[in-house]
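One structure is given here, and the rest of the page talks about it.
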Amino acid sequence: MTTAPHAAVTAAPVPAQSTYQTRVADYWNAEENPVNLELGQIDDLYHHHYGIGAADWTVLDEPDPGLRRERITAELHRLEHAQAELLAGHLGPLSPADRVFDAGCGRGGGSVVAHLRYGCHADGVTISAKQAEFANGQAHKRCIDAKVRYHHRNMLDTGFASGAYAASWNNESTMYVELDLLFAEHARLLRRGGRYVVITGCYNDTYGRASREVSLINAHYICDIHPRSAYFRAMARNRLVPVHVEDLTEAAIPYWELRQQADHLVTGIEDTFLTAYKNGSFQYLLIAADRI
Ligand code: GPP
Ligand code: MG
């Protein structure tokens, strides 16, 4: 038998991350919205998610313009913090020896909230080097950096140890990834009986397909909002069994109505969120699931 001489075969380079993921990282590396930084500066809890619950509308009646701005900022932060506490409450019970995984951790607020509540170890992962560096700086400043650490990694492929985590979550970060890949990684990282929690904006299957407003939100954040149904299908395929589902849509509206009035903080997406929630095409959802 004769064999053909080998042609010079060079493997196509495999990029560490897709072009899409690079664009998402670019967005978060450049992001400096006052609505995130000015709220975070209040108590050094930097959140990248929205708020829930009843708003104190008296902040709008404050006659002094500077004080009015400050009171609106503080009220929006209070509502965002309430959302973080709601999520954290579904992670437990946890002990200080437990480890939790924060997938898409942004500037780190969620992991700090979980650590303050349970004393647990936390690993946050973000595709933005700048966010990871900022979050680690905050943990250092709080003297919790021995237990709370942030990593510039891909949440779909963290490299962390299998079964090492008692709980994990995504707080408004699932719309950047394929759910099957994401839930496979959570299922790998969570120990049996571990708890997974997601808070997300999803499109409502009963509306039909993604509405104009959902598409505008996608364009604004460079994301791809999944339908509600996709979460349950992908969880079922990845050993994650829902134990609690909560429609937070109504509870999300006051935050957006107040943010719409905050001239010093608006980003331009406020009307779109309110229309999307009110026309039934978009929902704000919490799902807690057990890793079986
Ligand atoms: C919140 O981040 C928004 C996202 C992570 C992406 C989209 C989320 C959906 C629920 C669709 P942020 O706090 O940085 O946003 P903003 O700058 O608008 O406050
Ligand atoms: Mg924000």
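Read-outs throughout are calculated quantities, based only on the coordinates presented, and are distinct from any laboratory measurement. Model, not experiment: these values are computed from the prediction. Heads up, the Cβs are rebuilt from the backbone with ideal geometry, glycines too, and the neighbour counts pull from every protein chain shown.
Results for (1) touching a Ser or Thr at 6+ places or on another chain (Cβ under 7 Å); (2) assigned to a loop (DSSP other than H, G, I, E, B); (3) more than 16 Å from ligand 2 (Cβ to nearest atom); (4) of a type in the set (D, E), shown as yes or no for each residue.
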position: I52; (1), (2), (3), (4): no, yes, no, no
position: A82; (1), (2), (3), (4): no, no, no, no
position: P93; (1), (2), (3), (4): no, yes, yes, no
position: V100; (1), (2), (3), (4): yes, no, yes, no
position: G106; (1), (2), (3), (4): yes, yes, no, no
position: H115; (1), (2), (3), (4): no, no, yes, no
position: G137; (1), (2), (3), (4): no, no, yes, no
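Evaluate the following for R291: is it in contact (Cβ under 8 Å) with a residue 40 or more places away in the chain, more than 27 Å from N29 (Cβ to Cβ) and basic (K, R)? Here the answer is yes, as R291 does meet what is asked. Note on the range 21-44: residues that are more than 10 Å from ligand 1 (Cβ to nearest atom) and free of Cβ contacts under 8 Å to residues at least 12 places away in the same chain amount to 4. The residue that is farthest from ligand 2 (Cβ to nearest atom), among those in the range 218-238 that are surrounded by fewer than 16 Cβ atoms within 10 Å (Cβ to Cβ) and not in a helix (DSSP H, G or I), is D224. Looking at the range 62-81, can you tell me whether even one residue there is more than 11 Å from ligand 1 (Cβ to nearest atom), touching a helix residue (DSSP H, G or I) at 6+ places or on another chain (Cβ under 6 Å) and small (G, A, S)? Within the range 62-81 (the criterion being more than 11 Å from ligand 1 (Cβ to nearest atom), touching a helix residue (DSSP H, G or I) at 6+ places or on another chain (Cβ under 6 Å) and small (G, A, S)), the answer is no, since none of the residues qualifies.
In this structure, is E250 in a helix (DSSP H, G or I), surrounded by fewer than 21 Cβ atoms within 10 Å (Cβ to Cβ) and within 16 Å of ligand 2 (Cβ to nearest atom)? Answer is no for this residue.
Among the residues of the range 148-168, write down those that are free of Cβ contacts under 8 Å to residues at least 40 places away in the same chain and in contact with a Gly (Cβ under 9 Å, 6 or more places away or on another chain).
Let us first name the residues in the range 148-168 that are free of Cβ contacts under 8 Å to residues at least 40 places away in the same chain, namely 149, 151-153, 156-157, 159, 161-163.
R149, H151, R153, G163 - these are the residues of the range 148-168 that are free of Cβ contacts under 8 Å to residues at least 40 places away in the same chain and in contact with a Gly (Cβ under 9 Å, 6 or more places away or on another chain).
For S215, state whether it is free of Cβ contacts under 8 Å to residues at least 24 places away in the same chain and part of a helix (DSSP H, G or I).
The answer is yes for S215.
Set side by side, the residues R291, R239, R209 differ, and just one is among the basic types (K, R), farther than 19 Å from A82 by Cβ and out of contact with any helix residue (DSSP H, G or I) (no Cβ under 8 Å at 6 or more places or on another chain), which is R209. Only one of the numbered conditions (1) surrounded by 15 or more Cβ atoms within 10 Å (Cβ to Cβ); (2) away from ligand 1 (no atom under 13 Å from the Cβ); (3) not hydrophobic (A, V, I, L, M, F, W, C) is violated by N279, and that is (1).
Which residue out of Y207, Y203, Y221, Y231 is under 17 Å from the mean Cα position of the chain (by Cα), farther than 30 Å from G159 by Cβ and of a type in the set (F, W, Y)?
Working: Y207 fails: under 17 Å from the mean Cα position of the chain (by Cα); Y221 fails: farther than 30 Å from G159 by Cβ; Y231 fails: farther than 30 Å from G159 by Cβ.
Result of the check over Y207, Y203, Y221, Y231: Y203.
Does G40 fit the bill of being closer than 23 Å to E257 by Cα and within 12 Å of ligand 2 (Cβ to nearest atom)? Considered against the rule, which asks whether it is closer than 23 Å to E257 by Cα and within 12 Å of ligand 2 (Cβ to nearest atom), G40 comes out as yes.
Would it be correct to say that I127 is away from ligand 2 (no atom under 16 Å from the Cβ), touching a residue at least 24 places away in the same chain (Cβ under 8 Å) and within 18 Å of the chain's Cα centre (by Cα)?
Numbers: away from ligand 2 (no atom under 16 Å from the Cβ): yes; touching a residue at least 24 places away in the same chain (Cβ under 8 Å): yes; within 18 Å of the chain's Cα centre (by Cα): yes.
Here the answer is yes, as I127 does meet what is asked.
Only residues that are touching a residue at least 24 places away in the same chain (Cβ under 8 Å) and either surrounded by 15 or more Cβ atoms within 10 Å (Cβ to Cβ) or in a helix (DSSP H, G or I) (or both): list them for the range 262-276, please. Selection gives A262, L265, V266, I269, T272, F273, T275, A276.
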